[in-house]
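Report on the following structure.
The values are calculated or read from the model by the stated rules, or taken from the named source; none is laboratory data. Fair warning: this is a prediction, and the values are worked out from it, not measured in the lab. Quick reminder, even Gly has a Cβ in these numbers, built from the backbone with ideal geometry, and neighbours come from all protein chains shown.
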């Protein structure tokens, strides 16, 4: 997901982290950052979700992943959740 967002938004000046940090470092950071602490339960956990029931029973189909991620990123920018990069503000 981060790679898709980086491809779309880094050229526009947005910082999109794509690196990985080791689990032990997550545990250390979580002692000081509550938002990181929330993620600890999901370390090394594979989540599998499907839209099969909604597709089969309702005829609903999902948007492509890339399209959904980019639309979400744009909405977050438009609603001020993600600040506009300093370089873009000046332009």
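Annotation note: of 82, 16, 28, the sole residue that is over 20 Å from residue 1 (Cα atoms), surrounded by 11 or more Cβ atoms within 10 Å (Cβ to Cβ) and modelled with pLDDT of 90 or more is 28. Output the residue which, of all residues in region 42-63 that are within 24 Å of residue 76 (Cβ to Cβ) and under 18 Å from the mean Cα position of the chain (by Cα), is surrounded by the most Cβ atoms within 10 Å (Cβ to Cβ). Looking at the filtered set, the residue picked out is 62. One residue stands out in region 1-20 among those that are within 23 Å of residue 81 (Cβ to Cβ) and assigned to a loop (DSSP other than H, G, I, E, B): the one that is farthest from the chain's Cα centre (by Cα), namely 13. Of the helices (runs of 4 or more DSSP H) entirely within region 21-91, those holding at least 2 residues that are over 28 Å from residue 11 (Cβ atoms) and touching a helix residue (DSSP H, G or I) at 6+ places or on another chain (Cβ under 9 Å) occupy 23-30, 34-39.
Against the list (1) touching a helix residue (DSSP H, G or I) at 6+ places or on another chain (Cβ under 9 Å); (2) at pLDDT below 95; (3) surrounded by 10 or more Cβ atoms within 10 Å (Cβ to Cβ), the condition residue 5 fails is (2).
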